[in-house]
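The values are calculated or read from the model by the stated rules, or taken from the named source; none is laboratory data. Given the structure is predicted, the values throughout are model-derived calculations rather than measurements. A quick note on method: Cβ atoms are made from the backbone with ideal geometry, for glycine too, and the neighbour counts reach across all protein chains shown. Remember, those area values only see protein heavy atoms, side chains included, never the ligands or the DNA or RNA. Shrake-Rupley method; radii C 1.70, N 1.55, O 1.52, S 1.80 Å.
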Amino acid sequence: MTNEDNALLERCARMGSSTWSDALDACGIAGVVQGIARRSGEGPAVGFAVTARHEWGPYGAFDRADFAVGRLVAATGPGRILMVDVGGAAISTFGGIASLAASGRRATGIVIDGACRDTDEIRATGLTMASRWVTPTTGKTRLRLQAMGEPVTIGGVAVKEGDLVVVDDTGIVVVPRAELPRVLAEAERILAVDHAVERGIRAGKTFAESAADANYIPLKKNGARADA
């Protein structure tokens, strides 16, 4: 991670997933991950994507070494969010021990379109973990690491290495790296409007007044304000 990357992530971390979602809408980009929830961690986790893909099968389909969770752990680190595509299978990719190792590498976060397990142990590490499922079913001999660094699909969203990923309690968004300058500028504009509405409310205005004054929710066409 360069100083420039760290400064960019710090700037991006000022906006939550809702603001980023609105910015993506304004830019005509689909980037909201569906069906995956945060299981562990507090506060926003913002980083650049590192990608991995597992194929899955019945118990005994693969050698235990094919699981290769050590390679996943090694790919984590500060400013990185590991994005693991398991095709939505309810088979655990990460458990408590792997999460402990990732937290020791100061991993920013892990998102799995699949499952994790040992959530109490994961929470104890403080690691941000999001997954489609939580299950005790092990990935050993059920999962084989197919690829790392290649494009994947997470919650219906195409993800490439280096894309921006934002994870918080509301949801997960992915911003293509090539589109980041445009989307970031829009997100910062939206945040400024939100702050203007909030200042108006704190100053004693109604929501409708504050929203109209900030051009957040304008006056109705007939000139009447929206309900307070």
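Across the stretch 74-87, the qualifying residues are those that are open to solvent by 20 Å² or more (accessible area, probe 1.4 Å) and outside any strand (DSSP E or B), and the one among them that is farthest from residue 3 (Cα to Cα) is 87. Only a single item in (1) within 14 Å of residue 39 (Cβ to Cβ); (2) among the hydroxyl-bearing types (Ser, Thr, Tyr); (3) touching a Gly at 6+ places or on another chain (Cβ under 8 Å) is not met by residue 119, and it is number (3).
Among the residues in the stretch 33-56, are any part of a loop (DSSP other than H, G, I, E, B), modelled with pLDDT of 95 or more, buried (at least 17 other Cβ atoms within 10 Å of the Cβ) and in contact with a strand residue (DSSP E or B) (Cβ under 6 Å, 6 or more places away or on another chain)? Looking through the stretch 33-56, at least one residue is part of a loop (DSSP other than H, G, I, E, B), modelled with pLDDT of 95 or more, buried (at least 17 other Cβ atoms within 10 Å of the Cβ) and in contact with a strand residue (DSSP E or B) (Cβ under 6 Å, 6 or more places away or on another chain). For the stretch 126-148, filtering for residues that are in contact with a strand residue (DSSP E or B) (Cβ under 9 Å, 6 or more places away or on another chain) and open to solvent by less than 40 Å² (accessible area, probe 1.4 Å) leaves 11. A residue that is within 27 Å of residue 64 (Cα to Cα) and open to solvent by 50 Å² or more (accessible area, probe 1.4 Å) cannot be found anywhere in the stretch 164-179. The test for being among the small types (Gly, Ala, Ser) and open to solvent by 10 Å² or more (accessible area, probe 1.4 Å) does not hold for residue 102.
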